[in-house]
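I have placed the structure first, in the form of structure tokens, so that the comments after it can refer back to it.
The values are calculated or read from the model by the stated rules, or taken from the named source; none is laboratory data. Just so it is clear, the structure is predicted and the values come from calculations on it, not from any experiment. Cβ placement follows ideal geometry from the backbone for every residue including glycine, while neighbour counts extend to all protein chains displayed. Heavy atoms of the whole protein, side chains included, go into the accessibility calculation; ligands, DNA and RNA do not. Shrake-Rupley method; radii C 1.70, N 1.55, O 1.52, S 1.80 Å.
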Amino acid sequence: MNKLTINTQSRNELNAAIILAALIWSLIMIFADEIVTTHSRHALNLLPLLPVTIFSMALLRHYKRIAVEQVKQQTQNIVAAGLATSLFAAFFSQAAGGGFTQISAITIYSCFAISLCGINSVRKHFQF
């Protein structure tokens, strides 16, 4: 199995996208009441798409830089980590009646990063 590598520019862009997305999400939750009063509940519900879009753009730029044979494996890793993160968020959003907004952005992004590292290490260890 070939070792997956990431070039420096892609790594920096992906890290910056995750940090920016976490900041935007946190600001959305801080100013949720103001957003609802000035605009509407629909605007608040659509704003979480902004961090996802930022990360997706950085991911697409990364895919343009890597070899074709690495795209499939990296895509599988990211999709699996995304599903694990979605399950984590769905499961713990109901904990103690907190609701989804009570889970901080950094917790969800940390779960995504840990899932991605775990999947990558399992693939490396078992060579598949």
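The helices (runs of 4 or more DSSP H) located wholly in region 1-69 that include 2 or more residues which are open to solvent by 80 Å² or more (accessible area, probe 1.4 Å), out of contact with any Phe, Trp or Tyr (no Cβ under 7 Å at 6 or more places or on another chain) and among the hydrophobic types (A, V, I, L, M, F, W, C) occupy 8-30, 49-65.
Answer yes or no as to whether Leu14 is within 21 Å of Cys117 (Cβ to Cβ) and of a type in the set (A, V, I, L, M, F, W, C). Yes.
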